[in-house]
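The values are calculated or read from the model by the stated rules, or taken from the named source; none is laboratory data. The model shown is predicted, which means the values in this text are computed figures rather than measured ones. Here Cβ is always computed from backbone atoms with ideal geometry, including for glycine, and neighbour counts include all displayed protein chains. Accessible surface areas use protein heavy atoms only, side chains included; no ligands, DNA or RNA. Shrake-Rupley method; radii C 1.70, N 1.55, O 1.52, S 1.80 Å.
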Amino acid sequence: MSDAFLEAFEQRRKEREQAERSFTLLGETLTFRAHVPYETGRRLEQARRDFEEGITEARKRLDAANGSVPDLSDLPIDTDALVQAADEQILACLEPSSRKAWSKLRALDAREPLTFEEIGQIADYLLGRVTGLPTVAPAGSSAGRTETAKPSKAGSSSKAPGRTRSRSAST
């Protein structure tokens, strides 16, 4: 007895494993894994949430301090923790054979050191490639119609001779 779902499932996994997964970054060739555990990425997202909450709270305290310096030492504003979580996510997404190349890119004496922002972008890129899912939220929807600076001088493209009513308005 054949099970179409299982056959398709196995085929998709096989195709991911056989697909080209190597890329070059700043002269180093790396290969991302075909599969990672579902939980990969959670630590980085939590570190990002903590960081953003810390920044928001710091801004509130600074605004309320009226020129004095508030104590911010208890806030989770830790860029090192954020970079460490991003590094861990990157390593989880890379094949073990690529970890040496990543460590060269991250070395303190690297020819072209990666910035804080670039490390986060690479972590997002790799997780997106491995999972096949977008790692950033889509742009929000429009709030509705917007007005233009000047009204159009062109004639209407509508073929209707005058105003029209929707079906629901007339029933």
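Observations
- Checking each residue in the range 55-110 for being open to solvent by 80 Å² or more (accessible area, probe 1.4 Å), under 26 Å from Gly27 (Cβ atoms) and in a loop (DSSP other than H, G, I, E, B) picks out Leu108, Asp109.
- Test result for Arg33, under 18 Å from Arg129 (Cα atoms), surrounded by 11 or more Cβ atoms within 10 Å (Cβ to Cβ) and in contact with a Cys (Cβ under 7 Å, 6 or more places away or on another chain): yes
- Residue pairs meeting the criteria (Cβ under 8 Å; at least 6 apart or on separate chains; first under 16 Å from Arg129 (Cα atoms) and free of Cβ contacts under 8 Å to residues at least 12 places away in the same chain, in the range 9-30; second assigned to a strand (DSSP E or B) and open to solvent by less than 90 Å² (accessible area, probe 1.4 Å)): Ser22/Thr29; Ser22/Leu30; Ser22/Thr31; Phe23/Thr29; Phe23/Leu30; Phe23/Thr31; Phe23/Phe32; Thr24/Leu30
- Here Val36 passes the criteria (1) assigned to a loop (DSSP other than H, G, I, E, B); (2) farther than 19 Å from Asp124 by Cα; (3) of a type in the set (Val, Ile, Thr) except the one numbered (2).
- Selection within the range 31-66 - touching a Leu at 6+ places or on another chain (Cβ under 6 Å) and under 28 Å from Ser97 (Cα atoms): Phe32, Gly41, Ala47
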